[in-house]
Each structure stands twice: as structure tokens, then as C-alpha cells.
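Colleague: Mind looking over this structure? Questions follow.
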Amino acid sequence: QKEVEQNSGPLSVPEGAIASLNCTYSDRVSQSFFWYRQYSGKSPELIMSIYSNGDKEDGRFTAQLNKASQYVSLLIRDSQPSDSATYLCAVIYNFNKFYFGSGTKLNVKP
Amino acid sequence: DAGVIQSPRHEVTEMGQEVTLRCKPISGHDYLFWYRQTMMRGLELLIYFNNNVPIDDSGMPEDRFSAKMPNASFSTLKIQPSEPRDSAVYFCASSPPLMRNTEAFFGQGTRLTVV
């Protein structure tokens, strides 16, 4: 079983809509969770991190964590074509392993 | 700091040849990770080091792959002999000690093509 699972997509949303990206993880001792964005041909870059159950908002982005259900999600409000990219969920296990999901490709249509 | 530096950016080699990928982490970072990214398998963790010591190499696909970190500022990933299925983008990333708010910083990647 993969440590971090994501739907590969692509997820297509119209400009201005809310994009919802989901991620599940297998290890209950996971402590830190991250969302990275990767544009085609580029390296991943950090968007948000979250450690506690609940929501964390940063501009148009909201990360949601539910440790009991072992999932973390990312909501992008007012989606823009420039948000079109692959979004990678990452988890730190036991403070020593940094695992990434395979990523979900998001297409925002003008 | 210039960030994580990888070289070369692109590598084309013939099957059976040895390939060496290089990485310079951000100064002061204790952790260094090597990842491989393909369309089929996504971003896979190959191996990671803590303070120059290999901690977990369970992601290394087979004995043809080896990685070293002789000092805190340099690491190599070697493939010998290379095969077409090794074609992928290889990323190196580094991070400070892994605590709650740690972020992994990625290099620009090396696109490897084995023909």
C-alpha cells in the first residue's frame, strides 16, 4: 500500500470555481502534511503546510486535515488558469521520512 | 543561498553506460532526498540521507542504483549500467531537521533519457 494516495486526475474546473483536491495517507503516526504545486517542467514548490485537525486558510487556498479519517484536502477558491498545475500531497512520518503522493493534475478552463 | 543545485539539467546516454547525477543541497540542511518522477509512477522517494549518512534506501529500484554523500555539500546518484526504463526526471531535495514546520526544497531536476 502506498503511503500517500491521490487521484491522478485530471480535475477540470471552470475559471472562478472552487477546486477540491484530496489526499489520503496510511500511517496514523503522520505528523505534518504539505501541499506542493508543480508546473509542467518545473520542480515542486510548497503552497501550504498543516499539522492540526481543522482548516488552515492562506489567501485563496484552504488546507483541511482530518486525522481520524486520515485525509488531507486542498481547496482553491476563485480558481485561475494560472492555478493549472499538478498538486502533490506530502507527509512526514515519524519526523524522518518525507513521502509524496503521485499528484493530481488540475486544469482551470478560462 | 542559491537553492538546491543539480547537474546536469539534461542527460542523454546510451543503454549500458554509467550515469552520475549530482546535487548540492542548501547549506545547513541536514536532510537530503533523491526522488524519481515519471508519468506512470509519480514522485518516488529513492533514498535519503541525514547528516551525510544514508538512512533509508528501500526505494532504490535495484542494485544498478547507488547513492553517496561524501560531505554535507555534495551527493551523487549513480546508475550503472543504465537502461531505457531509467528514463525519468530525478530530483534532489534538502531540508532542515524534520520538525512540524519543515519544508523540503527541490532542485531543478535532471531529465535523464536512456536510448
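The values are calculated or read from the model by the stated rules, or taken from the named source; none is laboratory data. Values in this document were obtained by computation on a predicted structure and should not be read as measured data. As a convention, Cβ positions derive from the backbone with ideal geometry for all residues, glycine included, and neighbour counts pool all protein chains shown.
Colleague: Considering each residue of segment A:8-55, count those that are within 12 Å of chain B (Cβ to nearest Cβ) and either polar (S, T, N, Q) or without any contact (Cβ under 8 Å) to a residue 12 or more places away in the chain (or both), and give that number.
Modeller: Of the residues in that region, 12 qualify.
Colleague: Would you confirm whether any residue within segment A:99-107 is farther than 18 Å from B:G42 by Cβ and either among the polar types (S, T, N, Q) or touching a strand residue (DSSP E or B) at 6+ places or on another chain (Cβ under 6 Å) (or both)? I'd like the intermediate steps shown before the answer.
Modeller: Of segment A:99-107, the ones farther than 18 Å from B:G42 by Cβ are none.
No, the conditions are met nowhere in segment A:99-107.
Colleague: Among the numbered conditions (1) within 11 Å of chain A (Cβ to nearest Cβ); (2) over 12 Å from B:A88 (Cα atoms); (3) more than 15 Å from the chain's Cα centre (by Cα), tell me where B:M39 comes up short.
Modeller: The number of the failed condition is (2).
Colleague: Restricted to segment A:57-110, and to residues that are of a type in the set (F, W, Y) and part of a strand (DSSP E or B), which residue is surrounded by the most Cβ atoms within 10 Å (Cβ to Cβ)?
Modeller: Pass one, segment A:57-110, residues of a type in the set (F, W, Y): A:61, A:71, A:87, A:93, A:95, A:98-100.
When the remaining residues are screened for being part of a strand (DSSP E or B), the result is A:61, A:71, A:87, A:93, A:98-100.
Working: A:F61: 17, A:Y71: 16, A:Y87: 24, A:Y93: 19, A:F98: 22, A:Y99: 21, A:F100: 27.
Checked segment A:57-110; the qualifying residue surrounded by the most Cβ atoms within 10 Å (Cβ to Cβ) is A:F100.
Colleague: Next up: What residue, among those in segment B:72-114 that are at pLDDT 95 or above, crowded, with 21+ Cβ neighbours inside 10 Å and part of a loop (DSSP other than H, G, I, E, B), is farthest from the other protein chains (Cβ to nearest Cβ)?
Modeller: B:S82
Colleague: If you don't mind, there's one more thing I want to ask. Among the candidates A:K97, A:K105, which residue alone is within 17 Å of A:L11 (Cα to Cα), within 12 Å of chain B (Cβ to nearest Cβ) and either among the basic types (K, R) or free of Cβ contacts under 8 Å to residues at least 40 places away in the same chain (or both)? Even if it seems obvious, please write down each step before you answer.
Modeller: Values: A:K97 fails: within 17 Å of A:L11 (Cα to Cα).
The match here is A:K105.
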